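Participant: If you scroll down you'll find the structure; I have some questions about it.
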Amino acid sequence: MNNYVIGLDYGSDSVRAVLIDTANGKELASSVHWYQRWKNNLYNNASINQFRQHPLDHIEGLEKTITDVVKNSGVNPSDIKAICIDTTGSSPIPVTENGTPLALVKGFEENPNAMMVLWKDHTAIQEANEINELAENWGGENFTKYEGGIYSSEWFWAKILHVIREDEAVKNAAYTWLEHCDLMTYLLIDNKDLNAFKRSRCASGHKAMWHEDWDGLPPVEFLNKLNPYLGELRGRLYDETYTSDVVAGNLNQEWADKLGLTTNTVIAVGTFDAHAGAVGAKIDENTLVRVMGTSTCDILVSPKDNIGSKTVRGICGQVNGSVIPGLVGLEAGQSAFGDVLAWFKDVLYWPIDNLVLSSNILSAEQKIDLKEEIDATFIKKLSEQAAAIPLTESIPTALDWINGRRTPDANQELKAAMSNLSLGTKAPHIFKALINAICFGSKKIVDRFEEEGVKIDTVIGIGGVARKSPFIMQTLANVLNKPIKVAESDQAPALGAAIYAAVAAGIYPNVIEASKHMGSDFEAEYLPEPENIEAYQALMDSYSELSAFIESIS
């Protein structure tokens, strides 16, 4: 029999679908849709770290990409057995009692508070601080203990608390809130009972303080101390959660017609992109999978017996089944990785945009050609010149906290900094310093896991940065002093989602078995260069000193 599945992966800027042959993991078709409203920077305010996305960007992308892969693959729609969706997170959105995103309701169409609060939105710093203070001192269970002991402004409860304080209309109109991965899953399924809807174990455990030890979400008594609205909302949320090998429902008739599929296609429970990416990269015990894009997520799995009741300080949670059912998934990460370099590119682009491309000497056609040429070679040229700078030369020390610090020890109020600048410092020197910074931030995460007794033997890199920048990957191997393999797949999260879908459809008995047949191979491996290890350690020491100083004055 021919069995195919679709993995749908929502990133920060775009959504992509892949149609996969379950027999061997072969990608038969793929499609990418860029969010148009997001591309036009609607509903964002970077000066206050507000980043919101309109659900229409996501809904339009779902229809466009899945329709494309169904049509372009040429497979029989009845042979497409399942779909699984992964998204960024925590990215909650308010919805009505029938599950309609509030931004699709009259009067809320242009209200940023009615939209999805993207993972990188840090408007809820004060609320996160309040949650941490209460969890530590209220006299009962510390509900942050399985989330590293520090609740982040990037997460579910803090974001909701901030929005309802800021916007009474949204507070009164929102029946409940859904994580992005749950919303898109709910949109597709046939059973529209929100009370019976199967919420993501991954999202709830890592971002909403859900845990088996206290039978679900934090109790009303705790939430009421933050705000009575949260205690009330608790009753409109959930107690049980589900792993992504479980069926959430069948594709409903409306979406089957739109997508060219049948209602026999099952929809798996949703999940987060990094966790799905780890599955797509064939994660195993003692393996750290680094999902490297605008930010990073670092994923590990461990048998429950190994980790027991031990909690790892300062990470983004440890959740039974969030990656592979039956194993505890551990998550860490950096709030900015590729975004650090994108920021620097924007800084250097100012004279290009404001002097060169606004010049009257050049024709409109020449400006377009010049911009395309610069875009194509910008990072490449910087990388080549930065790589050529010997480690014996004076290199600035930079911090990677351009968007705060996620782990270890979340603190979104921290800012980036740079030291050791001189008249000899050129753009490639600063670029090299920023590459070092994002790698040193990665090293801090690895060190924390190992200090807490979590063994790491192998590192796997996935994502655009891992595949496109040998300079970054070689630097990372030297800084970590560990070999790093790079997954071959361009779409590891979407592939991981497809693997979950194959298990939900009953094609494979479990996620481990499915990943053996469908997971990505590796295209490259970077080995530490012994002659550079000592020099990078000295630069790492400088990073640690600057980190300590900036924290002391923040």
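The values are calculated or read from the model by the stated rules, or taken from the named source; none is laboratory data. This is a predicted model, so every value here is computed, not measured. No Cβ is skipped: glycine too gets one built from the backbone with ideal geometry, and neighbour counts run over all protein chains shown.
Participant: Could you tell me whether residue 69 is among the β-branched types (Val, Ile, Thr), crowded, with 23+ Cβ neighbours inside 10 Å and farther than 30 Å from residue 27 by Cβ?
Facilitator: Spelling it out, it is not the case that residue 69 is among the β-branched types (Val, Ile, Thr), crowded, with 23+ Cβ neighbours inside 10 Å and farther than 30 Å from residue 27 by Cβ.
Participant: Under 9 Å between Cβ atoms, at least 6 apart or on separate chains: pull out the pairs that start in the range 147-160 with a residue that is within 18 Å of residue 217 (Cβ to Cβ) and polar (S, T, N, Q) and end on any residue that is at pLDDT 95 or above and not in a loop (DSSP other than H, G, I, E, B).
Facilitator: 152/128; 152/158; 152/207
Participant: Would you be able to tell me the number of residues in the range 537-554 that are under 26 Å from residue 477 (Cβ atoms) and of a type in the set (D, E, K, R)?
Facilitator: Residues in the range 537-554 being under 26 Å from residue 477 (Cβ atoms) and of a type in the set (D, E, K, R): 2 in total.
Participant: Looking at the range 296-322, which of its residues are under 20 Å from residue 488 (Cα atoms) and touching a residue at least 40 places away in the same chain (Cβ under 8 Å)?
Facilitator: Hits for the range 296-322 are 296, 298, 300.
Participant: Would you tally the residues in the range 424-447 being among the basic types (Lys, Arg) and over 16 Å from residue 296 (Cα atoms)?
Facilitator: 2
Participant: Out of the range 250-284, which residues are in a loop (DSSP other than H, G, I, E, B) and not hydrophobic (A, V, I, L, M, F, W, C)?
Facilitator: Residues satisfying the conditions are 252, 260, 262, 263, 264, 265, 270, 282, 284.
Participant: Tell me whether the range 447-465 contains one or more residues that are closer than 20 Å to residue 382 by Cα and in contact with a strand residue (DSSP E or B) (Cβ under 6 Å, 6 or more places away or on another chain).
Facilitator: yes
Participant: Consider residue 33 against the criteria (1) at pLDDT below 95; (2) outside any helix (DSSP H, G or I): it satisfies all of them except one. Which criterion is unmet?
Facilitator: Just one mismatch for residue 33, condition (1).
Participant: Select from the range 313-332 the residues that are part of a loop (DSSP other than H, G, I, E, B) and touching a strand residue (DSSP E or B) at 6+ places or on another chain (Cβ under 6 Å) and write down the one among them that is nearest to residue 514 (Cα to Cα).
Facilitator: Across the range 313-332, the extreme among qualifying residues is 324.
Participant: Further, regarding this structure: Within the range 360-378, work out how many residues are surrounded by 12 or more Cβ atoms within 10 Å (Cβ to Cβ) and outside any helix (DSSP H, G or I).
Facilitator: Count: 1.
Participant: Still on this structure: Among residues belonging to the range 519-535 that are touching a residue at least 60 places away in the same chain (Cβ under 8 Å) and touching a Lys or Arg at 6+ places or on another chain (Cβ under 9 Å), point out the one that is farthest from residue 496 (Cα to Cα).
Facilitator: Residue satisfying both the conditions and the ranking: 522.
Participant: Here's a follow-up. Residue by residue through the range 369-393, note down the ones that are in contact with a Pro (Cβ under 7 Å, 6 or more places away or on another chain) and of a type in the set (S, T, N, Q).
Facilitator: 385
Participant: If you go through the range 316-351 one residue at a time, how many are over 14 Å from the mean Cα position of the chain (by Cα), surrounded by 15 or more Cβ atoms within 10 Å (Cβ to Cβ) and of a type in the set (Val, Ile, Thr)?
Facilitator: 4
Participant: Kindly indicate whether residue 434 is buried (at least 19 other Cβ atoms within 10 Å of the Cβ), of a type in the set (A, V, I, L, M) and in the same structural domain as residue 394 (by TED's automatic domain parsing).
Facilitator: yes
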